[in-house]
Amino acid sequence: MKGDRGTALVCKENKFLMIFRCKNNSEYYVLPGGHVEDGETSEEATIRELFEETSIIAEVDKKIITFKDANGRTHQIFLCKYISGTPKMSDNSVEVERASEVNIYKPMWVDKYEIKSFSIWPEETKKYLIDYFNK
């Protein structure tokens, strides 16, 4: 569906994968993911976007939440099993083309215990991650 987003929650050794963003002097974190393209499932979009944005290879385990953000976009977060890779943008990602001094993308493993101190977009994701890791 147009506007739908598939997003990956990839965990490894008490850390999970996020992308630090700095855009127009605003700093925040996002889970890797993006728009579902025509003819693609949400799961396929999640794995494609995950690799493009982070160079991480993973497989979808299960959908863990679906929600609408403040702009009405549907987000589906999938728990993904880490297979291999080191966080860095893929050379062929659109983020590489968009990156500049004022538009930064930096994929990284972050400690799950630091979530509360992060500015995370969308806000619903932050709330969910805090609940998820406090289980």
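Details
- Just so you know, in region 64-83 the residues that are exposed (fewer than 14 other Cβ atoms within 10 Å of the Cβ) and of a type outside the set (A, V, I, L, M, F, W, C) include one that is farthest from Asn24 (Cα to Cα), and it is Lys81.
- Those helices (runs of 4 or more DSSP H) of region 31-135 in which 3 or more residues are modelled with pLDDT of 95 or more and over 17 Å from Phe16 (Cβ atoms) occupy 42-54.
- Candidates Thr86, Thr54, filtered to the one that is under 24 Å from Tyr113 (Cα atoms), crowded, with 20+ Cβ neighbours inside 10 Å and of a type in the set (S, T, N, Q): Thr54
- Test: residue in region 124-135 that is in contact (Cβ under 8 Å) with a residue 40 or more places away in the chain and surrounded by fewer than 13 Cβ atoms within 10 Å (Cβ to Cβ): no
- Search result, residues across region 23-42 that are touching an Asp or Glu at 6+ places or on another chain (Cβ under 9 Å) and not aliphatic (A, V, I, L, M): Pro32, Gly33, Gly34, His35, Glu37, Ser42
- The residue list Ile115, Ile130, Ile83, Ile47 contains one member that is in contact with a strand residue (DSSP E or B) (Cβ under 6 Å, 6 or more places away or on another chain) and of a type outside the set (D, E, K, R), which is Ile83.
- Matching residues, region 25-46, being within 18 Å of Glu123 (Cβ to Cβ) and among the polar types (S, T, N, Q): Ser26
- Any hit, region 53-73, residues being touching a Gly at 6+ places or on another chain (Cβ under 9 Å), of a type outside the set (A, V, I, L, M, F, W, C) and in contact (Cβ under 8 Å) with a residue 60 or more places away in the chain: yes
- The residues in region 94-107 that are in contact (Cβ under 8 Å) with a residue 60 or more places away in the chain, aliphatic (A, V, I, L, M) and surrounded by 14 or more Cβ atoms within 10 Å (Cβ to Cβ) can be counted, and the count is 1.
- Failed condition for Tyr28, given (1) within 16 Å of Thr7 (Cβ to Cβ); (2) touching a residue at least 24 places away in the same chain (Cβ under 8 Å); (3) out of contact with any Ser or Thr (no Cβ under 6 Å at 6 or more places or on another chain): (3)
- When Gly3 is tested against the conditions (1) in contact with a strand residue (DSSP E or B) (Cβ under 8 Å, 6 or more places away or on another chain); (2) modelled with pLDDT under 95; (3) closer than 16 Å to Ile104 by Cα, the lone failure is (3).
The values are calculated or read from the model by the stated rules, or taken from the named source; none is laboratory data. Keep in mind it's a predicted model, so treat the numbers as computed, not measured. Ideal geometry is used to build each Cβ from the backbone, glycine not excepted, and the neighbour counts take in all protein chains shown.
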